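Data block below; observations after.
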Amino acid sequence: MVAPKENAMACSECHAKDGRLSHLDDGSLYIPGTQKNEMLNIIGLLAIFGTLADVFGHGALRIVATSMRKK
């Protein structure tokens, strides 16, 4: 039930505050872009920055461990 590309809509037509999917919000369904959920935004940002911290921390530890082995 996907429209052909000539009839495709932009994402913002459905995923917007007053978009086509906004009437589906009964509080139990999260549709990105239709409402603001601060807790979900915070969890998402923590996941992103936590992953970046893990990657860079792991890289830094490998550099330190390698330099200590060469001594």
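The values are calculated or read from the model by the stated rules, or taken from the named source; none is laboratory data. In this text, all values refer to a predicted model and were calculated from it rather than measured experimentally. Methodologically, a virtual Cβ is constructed for each residue, glycine included, from the backbone with ideal geometry; neighbour enumeration extends over all protein chains shown.
Whether any residue in the range 22-38 is in contact with a Ser or Thr (Cβ under 6 Å, 6 or more places away or on another chain), part of a helix (DSSP H, G or I) and without any contact (Cβ under 8 Å) to a residue 24 or more places away in the chain is what I want to check.
yes
Could you identify the single residue in 62, 69 that is surrounded by 10 or more Cβ atoms within 10 Å (Cβ to Cβ) and either modelled with pLDDT under 85 or over 14 Å from the mean Cα position of the chain (by Cα) (or both)? Break it down into steps so the answer makes sense when it comes.
Values: 69 fails: surrounded by 10 or more Cβ atoms within 10 Å (Cβ to Cβ).
One residue alone meets the criteria, 62.
Looking at (1) more than 26 Å from residue 12 (Cα to Cα); (2) not in a helix (DSSP H, G or I), which one does residue 61 not meet, given that it meets all the others?
Only one criterion in (1) more than 26 Å from residue 12 (Cα to Cα); (2) not in a helix (DSSP H, G or I) is unmet by residue 61, namely (2).
Taking residue 39 as the residue in question, decide whether it is within 21 Å of the chain's Cα centre (by Cα), modelled with pLDDT of 75 or more, loosely packed, with under 10 Cβ neighbours inside 10 Å and among the hydrophobic types (A, V, I, L, M, F, W, C). Please lay out each step first, then the result.
Numbers: within 21 Å of the chain's Cα centre (by Cα): yes; modelled with pLDDT of 75 or more: yes; loosely packed, with under 10 Cβ neighbours inside 10 Å: yes; among the hydrophobic types (A, V, I, L, M, F, W, C): yes.
Judged against the criteria, residue 39 is a match.
Taking residue 3 as meeting all but one of (1) at pLDDT 80 or above; (2) surrounded by 10 or more Cβ atoms within 10 Å (Cβ to Cβ); (3) among the aliphatic types (A, V, I, L, M); (4) assigned to a loop (DSSP other than H, G, I, E, B), write down the number of the exception.
Unmet for residue 3, out of (1) at pLDDT 80 or above; (2) surrounded by 10 or more Cβ atoms within 10 Å (Cβ to Cβ); (3) among the aliphatic types (A, V, I, L, M); (4) assigned to a loop (DSSP other than H, G, I, E, B): (2).
Pick from 51, 34: which is surrounded by 10 or more Cβ atoms within 10 Å (Cβ to Cβ), among the hydroxyl-bearing types (Ser, Thr, Tyr) and at pLDDT 85 or above?
Values: 34 fails: at pLDDT 85 or above.
Result of the check over 51, 34: 51.
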